[in-house]
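The values are calculated or read from the model by the stated rules, or taken from the named source; none is laboratory data. The structure displayed is predicted, hence computed values, not measured ones. As a convention, Cβ positions derive from the backbone with ideal geometry for all residues, glycine included, and neighbour counts pool all protein chains shown. For the accessible areas, the whole protein counts, side chains as well, though only heavy atoms, and no ligand, DNA or RNA atoms are used. Shrake-Rupley method; radii C 1.70, N 1.55, O 1.52, S 1.80 Å.
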Amino acid sequence: MKITNIEELEEISRNVRRDIIEQVYKAKSGHPGSSLSCVEILAVLYFNQMNINPKEPKMEERDRLILSKGHASPALYSILAQKGYFPKEELKDFRKLGCRLQGHPDLKKLPGVDMSSGSLGQGLSVACGMALASKLKKQKNKIYCIVGDGELEEGQIWEAAMTASHYKLDNLCVIVDNNNLQIDGKIENVMNPKPIDKKFESFGFEVLEVDGHNIEKLIKIFEYAKQIQEKPTVIIAKTIKGKGVSFMENKAEWHGKAPNDEEYKNAINQL
Amino acid sequence: MNWDKKIATRQSYGEALAELGKESEKIIVLDADLSKTTKTEIFAKQFPDRFFDIGIAEQNLISVAAGIATFNFIPYVSSFAVFATGRAYDQIRNSIAYPKLNVKICATHSGVTAGEDGATHQMIEDISMMRTLPNMTVLSTSDDTQTRWAVKEIAKINGPVYLRLCRLASPIIYNDDTKFEIGKGHQFGEGTDGTVIATGIVVAEALKAQEKLKKQGIDIRVIDIHTIKPIDKDIIIKAAKETKKIITIEDHNIIGGLGSSVCEVLSTEYPKNVIRMGINDTFGTSGKGEELMKFFHITAEDIVNVYLNNTQN
């Protein structure tokens, strides 16, 4: 059930943002800034692009998504709940003892999670494995992998990038959530991964850029990416960390902290 | 037992893997630029479509295998033990063990018997690291027959497995028709004067020591622990109850390996003094495999000496 109406997708994104704040506030921990920056990317993929069926979460022909920046789990959980993989009430259990919504996604616990993640830098390699396996089975799965821009500092990302182009994994689409911030500050000040586009290009990728909060443009770029053959694609999505909550926007300190009562009310009012 | 005919368990692995490849289309093999020496090359030649060389990138190797496993394939991944487990520990932990993916990590060149390459290539901590991971089954095989069995048997386990293999050729201990079972040790003799519990390449040394001691009228039993985890508690407790001395031996650090595993069992089930032989918390050094076994005192002669000179029990 593909949603093509832009307003509807925007409404879904607003719900995701509210869910992120609710989850992190109730858990009194989590990563709101990083979650808020990849909302539209996830909304477009899950509601407009991916071949998936929440009633059959293990369907072999399904497209896969690896949230390699696993700390953005509140965004993914909201999306999966809205898709119907599990009851929306469960979002309140995020990070609580005995929950299925672990701090970082756990594929054994939660339906809809295609890969456990949390230790940065590994998701792209796993995605390469999935893309290779899909080709071997002569299936048509698209493999999507969302990485953070700070995550590009992990050396394994570039081992995987080499593999993706070496094996011509044109069924693989990497999305860099390029919000320019990591825990210790601006990416270029902590350990500069730029130029991101030229790096991927030299590794043999088709490199695309998009406003990561513009749903219409995201749909277009994902459609375009599907046409690329014989090489993997990376979409560098220009995003704003903390997007949608004024006092969290472009603030590294909101990478991984929960809002207090007042901040919570303020954030929800803005959404 | 045929002491003259020797074969390295990495060779047995490579040959058995190719046989397994014939039996099941699900078997995928990955290597990190070492296929000639880990012997996955045998599989690669027969099934080029199901073999992936990932290049010199062990972290990537392990995580790629994790992705392949999610498509209901059974990836067998090989490199030297030091790189397969040490270089890629976090990848094994978070991308394989935690999500309980069906990946078989079959690592060669374990222990000081890896030889001339020296300490950087002699992995003496792998049993320790791998057995401490939840969901991980850990095997360390002692000869050609047992390795061939293990390579095929681990495909039937739905979950992560670590199989520890060696570079140095070692004697063939078992007949082709020997029956093994995951989690069950293999006992030689019923002697009550002592027990030598061994794993991997030094099981043959334990058996030689058993023969030597017999000539002196001392009857010990030898237990080959091919499955380090889950360990065969029963066979260990029985030996502790029935025999005088317990000696463990391994081509691995005495911290965290087989000896520690045995102590963990006995400390709660039947407290008893255990003499742990192995690499005594020191790095290896260059030399021939056989020379290094002597240098690090993990030969049959060393077992005999330790048995005769230890008066603690």
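Taking only protein heavy atoms and a 1.4 Å probe, the accessible area of the range B:1-154 is 47% carbon and sulfur. Contact order for the range B:186-304, expressed relative to its length and based on alpha carbon pairs under 8 Å spaced 6+ residues apart, stands at 30 percent. With a Förster radius of 51 Å applied to the C-beta separation of B:Lys294 and A:His166, the computed FRET efficiency comes to 0.70. In a DSSP loop and with at most 12 other Cβ atoms within 10 Å, the chymotrypsin sites (Phe, Trp or Tyr not before Pro) in the range A:205-271 are A:Phe247.
Looking at the range A:72-159, none of the chymotrypsin sites (Phe, Trp or Tyr not before Pro) sits in a DSSP loop with at most 16 other Cβ atoms within 10 Å of its own Cβ. For the range A:6-270, the relative contact order is 24 percent, taking Cα pairs closer than 8 Å that sit 6 or more residues apart in sequence and dividing their mean separation by the residue count.
Calculated over the protein assembly as shown, the projected area of the Cα convex hull averaged across directions stands at 27.6 nm².
The figure for B:Ser260 is an accessible area of roughly 20 square angstrom, using a 1.4 Å probe on the protein chains alone.
Given the DSSP H assignment, sum -39500 (n - 2.57) over each helix run of at least 4 residues in chain A and divide by its residue total; what's the result at 222 nm in deg cm²/dmol, nearest 500? Before the final figure, lay out each step's value.
Values: 10 runs with 106 residues, N = 271.
For chain A, the value works out to -11500 deg cm²/dmol.
Over the Cα atoms of the range A:21-176, what is the Rg over Rh ratio if Rh follows Kirkwood? Result: Rg/Rh = 0.96.
When you filter the trypsin sites (Lys or Arg not before Pro) in the range A:1-105 for DSSP loop state and at most 14 other Cβ atoms inside 10 Å of their Cβ, you are left with A:Lys2, A:Lys28, A:Lys55, A:Lys58, A:Lys96.
Simple point charges give the picture: +1 on the Cβ of Lys and Arg, -1 on the Cβ of Asp and Glu, and for the protein assembly as shown a dipole about the Cα centre of about 940 debye.
Restricting to DSSP H runs of at least four residues, report the calculated mean residue ellipticity at 222 nm for chain B, -39500 (n - 2.57) per run over all residues, nearest 500 deg cm²/dmol. Present the calculation step by step, with values, prior to reporting the outcome.
Working: 11 runs with 105 residues, N = 313.
The per-residue figure over chain B is -9500 deg cm²/dmol.
Listed here are the pairs A:Lys109/A:Lys231; A:Lys109/B:Lys184; A:Lys243/A:Lys265; A:Lys58/A:Lys251; B:Lys6/B:Lys215; A:Lys92/A:Lys217; which of them are more than 27 Å apart at the Cα? Don't jump to the answer; show the numbers that get you there.
Values: A:Lys109/A:Lys231 33 Å; A:Lys109/B:Lys184 31 Å; A:Lys243/A:Lys265 16 Å; A:Lys58/A:Lys251 38 Å; B:Lys6/B:Lys215 24 Å; A:Lys92/A:Lys217 32 Å.
Going by Cα-Cα distance, A:Lys109/A:Lys231; A:Lys109/B:Lys184; A:Lys58/A:Lys251; A:Lys92/A:Lys217 fall outside the 27 Å limit.
At 4 °C and 1.567 mPa s, grab the translational diffusion coefficient of the range A:183-269 from Stokes-Einstein with a Kirkwood Rh over Cα pairs, rounded to a whole number in µm² per second. Don't jump to the answer; show the numbers that get you there.
Working: Rh = 15.4 Å.
Translational diffusion coefficient: 84 µm²/s.
Within the assembled protein chains, the solvent-accessible surface assigned to A:His104 is about 70 Å², based on a 1.4 Å probe.
Dipole size in debye (nearest 20) for the range B:186-304 around its Cα centre, Lys and Arg Cβ +1, Asp and Glu Cβ -1?
That gives a dipole near 240 debye.
Computed over the alpha carbons of the range A:6-270, Rg followed by Dmax gives 17.1, 53 Å.
Average 1/r across all pairs of distinct alpha carbons in the range B:1-63, invert it, and you get the Kirkwood radius: 12.4 Å.
With r as the distance between the Cβ atoms of B:Lys215 and B:Asn280 and R0 = 35 Å, compute the FRET efficiency 1/(1 + (r/R0)^6) and round to 0.05. Intermediate values should be presented prior to the final figure.
On the way: r = 28 Å, r/R0 = 0.80.
It comes to 0.80.
One decimal place: the segment B:Glu269-B:Glu23 gains 84.4 nm when fully extended, by the rule 0.36 nm per residue minus the C-alpha distance.
Could you size up the charge dipole of chain A around its Cα centre, putting +1 on the beta carbon of Lys and Arg and -1 on that of Asp and Glu, and report it in debye to the nearest 20? Kindly include the intermediate steps, with their values, before the conclusion.
Working: 39 positive and 38 negative charges, 147 e Å.
That gives chain A a dipole magnitude of about 700 debye.
Between the range A:2-37 and the range B:132-176, the alpha-carbon centres lie 48 Å apart. Along the axis of the charge dipole computed for the protein assembly as shown (Cβ charges of +1 for Lys and Arg, -1 for Asp and Glu, origin at the Cα centre), the listed residues B:Asn60, B:Ser260, A:Leu152 are led at the positive end by B:Ser260.
If I take all pairs of Cα atoms in the range A:120-215, what percentage of them are more than 16 Å from each other? Provide the component values of the computation, followed by the final result.
Values: 2545 of 4560 pairs.
Of the Cα pairs, 56 percent sit more than 16 Å apart.
Averaging the Cα positions of each part gives two centres, and for the range B:14-46 and the range A:126-197 these lie 28 Å apart. Helix B:300-309 versus the longest principal axis of chain B: what angle, 0 to 90°, nearest 10, using Cα atoms? The two axes meet at around 40 degrees. A cut-off of 5 Å between modelled amide H atoms, ignoring neighbours fewer than 5 places along the same chain, links A:Asn179 with A:Asp149, A:Thr239. Computed from the alpha carbon positions, the gyration tensor of the range B:2-172 leads to an equivalent ellipsoid with semi-axes of 22, 19, 15 Å, biggest first.
One Cα centroid belongs to the range B:291-309, the other to the range A:64-99; the line between them spans 56 Å.
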